[in-house]
């Protein structure tokens, strides 16, 4: 028995392919479906990643804006040096506006407690995006001592 390379190749090709010739088409279809499934999964994960990063970016923006508004309100309240409470509304660009078009609310409360010869003004500011309950709120608490001449307004 002699080994003929052409004879061996012909036999192996005959065993690899079914008689009706459909086998290679099925393999291609299965491979294509697996490739499409993989690409679909990769696309879904990419879209989810971008959606999550957008949400995180918006929360960071809201938190930064709330911090800016709360700090500004605390400084203003400390400069006024008067007791009271107020709520201010701001649009998405941190500009004052009415309650209807508001993107942020800033709640300021100031209470005075007797302290030595003057008063200790306790200021609490809570800034948060609207609607309430959204992420990105910020609270500032500070105090300012008002001497007797500051309380009466005479300097």
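In this structure, does residue 65 turn out to be modelled with pLDDT under 90, part of a helix (DSSP H, G or I), touching a strand residue (DSSP E or B) at 6+ places or on another chain (Cβ under 9 Å) and surrounded by 10 or more Cβ atoms within 10 Å (Cβ to Cβ)? Taking the combined requirement at face value, the residue satisfies it. Among the residues making up the stretch 114-136, those that are under 25 Å from the mean Cα position of the chain (by Cα) and at positive phi are 133, 136.
Within the stretch 68-81, the residues that satisfy the criterion of being buried (at least 17 other Cβ atoms within 10 Å of the Cβ), in a helix (DSSP H, G or I) and either touching a strand residue (DSSP E or B) at 6+ places or on another chain (Cβ under 6 Å) or touching a residue at least 40 places away in the same chain (Cβ under 8 Å) (or both) are 69, 70, 73, 74, 77.
Quick one: in the stretch 82-95, which of the residues that are under 20 Å from residue 63 (Cβ atoms) and at pLDDT 90 or above is surrounded by the fewest Cβ atoms within 10 Å (Cβ to Cβ)? Spell out how you get there, then give the answer.
Filtering the stretch 82-95 for residues under 20 Å from residue 63 (Cβ atoms) gives 87-95.
If we keep only those that are at pLDDT 90 or above too, we end up with 87-91, 95.
Details: 87: 12, 88: 19, 89: 16, 90: 24, 91: 13, 95: 9.
Filtering the stretch 82-95 for residues that are under 20 Å from residue 63 (Cβ atoms) and at pLDDT 90 or above, the one surrounded by the fewest Cβ atoms within 10 Å (Cβ to Cβ) comes out as 95.
Report, by residue number, each residue of the stretch 98-113 that is crowded, with 16+ Cβ neighbours inside 10 Å and either on the phi > 0 side of the Ramachandran plot or without any contact (Cβ under 8 Å) to a residue 24 or more places away in the chain (or both). 107, the sole residue that qualifies. The set of residues in the stretch 114-134 that are crowded, with 18+ Cβ neighbours inside 10 Å and closer than 13 Å to residue 62 by Cα comprises 127, 128, 129.
The values are calculated or read from the model by the stated rules, or taken from the named source; none is laboratory data. Just so we're clear, the structure is a prediction, and the values are computed from it rather than from any experiment. All Cβ positions, glycine included, derive from the backbone under ideal geometry; neighbour counts span all protein chains shown.
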